[in-house]
1. If you rank Arg103, Arg55 by fewest surrounding Cβ atoms within 10 Å, what's the result?
2. Would you mind putting 117-127, 157-167, 92-102, 141-151 in packing order, based on average other-beta-carbon counts within 10 Å, highest first?
3. What residues have an amide H closer than 5 Å to that of Ala72, excluding those fewer than 5 places away on the same chain, when H is modeled at 1.01 Å from N in the peptide plane?
4. Going by amide H atoms built from the backbone, whose H comes under 5 Å of the H on Ala51, apart from near neighbours?
5. First obtain the Kirkwood hydrodynamic radius of region 23-186 from its Cα pairs, then insert it into the Stokes-Einstein equation at 25 °C and 0.890 mPa s, and state the resulting D in µm² per second as a whole number.
Amino acid sequence: MHRRVLLAPLAALLLAALPAAPAAAASPVSADLLPANVVPTFGGGNHWVAAGTARTQLRGPCVPLLPRGVTATSVFRLPGAPAPVTRALQTVVQLPTMQATARAQADVARRVAACHSRVFPMRSTAGTMLWSTVTPIPGNADEAVFGYIGIARKGNRMTVVYFSHGGQDSDFPDGVFQRWLARAQAALG
């Protein structure tokens with residue numbers, strides 16, 4: 001009995017000294033970025049090519065600053081299209097908690113809606129918000145920059161996708177941008 005009493009604390013001490021099982025490592029935010037072949041095209045025309053990735057956030061008309069966090073951005077270009085008007089971008093931001101991510105999504109949504117351009121809400125789903133925007137081109141009354149902004153969240157990660165092109169009107173097919181955002185949401189962490 002005396003031996004058992006001495007061995008129990010010793011066993012507990014030895015077990016406590018063992019390293020804990022490694023926690024499942026979270027994937028880096030860059031792993032959540034979608035490839036160029038997922039970016040929607042206009043009616044089967046040219047396909048997007050990746051122009052690079054960065055550890056900053058995307059920029060575009062009506063895209064507000066995103067909250068600070070671990071960030072990665074993909075930039076896509078359309079061969080033969082005028083840059084920088086025609087482009088597609090995706091940013092993924094990892095925040096400390098799910099609550100912080102939900103608050104950040106709501107804050108970004110308020111700032112998009114208050115943009116100086118004409119902003120039109122699009123059909124949203126659970127965890128996603130979408131808008132189309134029309135931004136006049138200074139000195140050109142006939143053309144504008146047409147933008148599509150989508151925000152999705154899952155867990156403690158948020159993604160913002162952006163697509164823009166110039167011209168006199170936008171002929172982006174219904175549902176295509178929504179599918180791109182849904183795929184971006186599904187790929188999150």
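1. Working: Arg103 13, Arg55 10.
Sorted ascending by nearby Cβ count, the order is Arg55, Arg103.
2. Numbers: 117-127: 13.5, 157-167: 22.8, 92-102: 17.5, 141-151: 20.3.
The packing order, highest mean first, is 157-167, 141-151, 92-102, 117-127.
3. Val92
4. Val75, Phe76, Arg77
5. Values: Rh = 16.0 Å.
Result for D is 153 µm²/s.
No value in this document is a laboratory result; all are computed from the given coordinates. As the structure is a computational prediction, the values presented were derived from the model and not from experiment. Backbone-built Cβ (ideal geometry, glycine too); neighbour counts: all protein chains shown.
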